[in-house]
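Heads up: the structure comes next, in structure tokens.
The values are calculated or read from the model by the stated rules, or taken from the named source; none is laboratory data. If you're wondering where the values come from, they're calculated on a predicted model, not measured in any experiment. Reconstructed Cβ throughout: ideal geometry from the backbone, glycine too, with neighbour counts over all protein chains shown.
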């Protein structure tokens with residue numbers, strides 16, 4: 001399972017998403033788009049979105065902290 | 001059967017939780033998350049007892065405090081939202097009222113009393129283009145997304161505290177910030193206001209009504225109307241930061257308690273009682289005019305004191 005999350009340091013929904021990953025032992029790559037201009041362009045291009053978090057789960061792009069969708073994609077139950 | 005269900009985990013709900021547990025009122029607190037709307041605030045400077053704290057850290061402190069009382073007296077249903085409340089037994093029936101609550105996850109609870117502390121949520125922009133460009137230049141969380149507007153020109157709609165806070169964060173990133181206020185004058189605390197208006201990047205405009213958001217793939221301009229002259233102007237921007245107040249989360253109470261025309265719960269402010277016996281309310285969901293964390297907490301405590309006395313009285317008469 002490959003999970004990438006595009007974040008900014010001050011984004012509370014990013015923090016909530018990362019908490020969900022940690023609670024279920026899901027490894028993820030974090031890209032801080034405030035610091036990393038290349039990651040910022042990549043995120044905007046891939047999601048068509050000017051806002052964080054953007055989360056990529058095995059190639060499926062989820063915009064925002066959409067918990068039900070993330071649980072489904074990550075096969076988290078309960 | 002609970003004695004009390006508290007709806008909400010913001011300052012009001014959490015304060016009520018602490019007091020309920022300390023009074024050993026058998027309670028359940030249902031919340032989607034902790035800390036309320038200030039969670040996205042970069043820096044809260046008016047939380048009495050703490051000079052400066054981020055919204056996220058404040059939320060965490062609130063959660064920790066109320067959870068210190070978790071146990072047989074105070075239980076939690078987290079990540080859930082109440083979607084329906086029904087009165088099972090009428091207040092005039094034996095032993096007072098009884099209610100059922102249903103959450104968005106289908107869980108059902110029974111209780112003798114309810115404290116509504118469901119707060120408010122962000123009001124969204126409703127002009128043409130607002131939906132199309134949501135997330136494509138229109139931003140509702142400056143704290144989250146301000147860094148994405150590095151080197152860009154932006155507009156902030158709303159000249160209250162939240163609007164000034166957004167502008168303040170944008171000063172570090174954007175090249176030009178126009179601040180629009182619908183009314184004759186800006187609102188917001190003088191401290192933040194003065195700090196923002198000092199910046200050469202900021203252009204403040206009052207009497208300004210937003211008319212349309214224009215764009216291609218992303219936002220390219222905001223059209224606004226001068227309410228005094230009636231003239232419209234097109235402002236070239238890549239970001240539109242919206243801070244135009246909040247809407248009370250009270251839809252699930254329609255028909256059960258009296259709401260005013262804004263959807264706020266009408267309270268007896270001495271007791272925090274709603275129009276229906278057995279239901280109390282506190283915080284931003286109510287018609288209390290000043291939406292402040294410190295007030296929400298105090299009002300919830302006031303409600304809890306009245307709930308406690310009411311429950312004691314019910315117990316002694318049944």
inquiry  = For residue A:18, only one of the following conditions fails: (1) within 14 Å of chain B (Cβ to nearest Cβ); (2) under 22 Å from residue B:59 (Cβ atoms); (3) touching a strand residue (DSSP E or B) at 6+ places or on another chain (Cβ under 6 Å). What is its number?
reply    = (3)
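Condition first: within 14 Å of chain B (Cβ to nearest Cβ) and within 9 Å of residue A:7 (Cα to Cα). Now tell me which residues in region A:25-44 satisfy that. Please lay out each step first, then the result.
So the first thing to find is which residues in region A:25-44 are within 14 Å of chain B (Cβ to nearest Cβ), and the list is A:31-44.
A:31, A:32, A:33, A:34, listed by residue number.
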request  = Within region B:245-260, track down each residue that is touching a helix residue (DSSP H, G or I) at 6+ places or on another chain (Cβ under 9 Å), part of a loop (DSSP other than H, G, I, E, B) and modelled with pLDDT under 95.
outcome  = B:245
ask   = In region B:10-29, which residue that is buried (at least 24 other Cβ atoms within 10 Å of the Cβ) and outside any helix (DSSP H, G or I) is nearest to the chain's Cα centre (by Cα)?
value = B:10
request  = Look through region A:45-70, keep the residues that are facing another protein chain (nearest Cβ under 9 Å), outside any loop (DSSP other than H, G, I, E, B) and in contact with a strand residue (DSSP E or B) (Cβ under 8 Å, 6 or more places away or on another chain), and return whichever of them is nearest to residue B:32 (Cα to Cα).
outcome  = A:63
inquiry  = Looking at region B:40-80 only, could you name the residues that are over 19 Å from residue B:169 (Cα atoms) and in a helix (DSSP H, G or I)?
reply    = B:59, B:60, B:61, B:62, B:63, B:64, B:65, B:66, B:67
ask   = Can you tell me which residues in region B:261-289 are within 17 Å of the chain's Cα centre (by Cα) and either in a strand (DSSP E or B) or on the phi < 0 side of the Ramachandran plot (or both)?
value = B:262, B:264, B:265, B:266, B:281, B:282, B:284, B:285, B:286, B:287, B:288, B:289
note = Counting only residues that are farther than 19 Å from residue B:188 by Cα, within 14 Å of another protein chain (Cβ to nearest Cβ) and without any contact (Cβ under 8 Å) to a residue 60 or more places away in the chain, region B:6-55 contains a total of 5
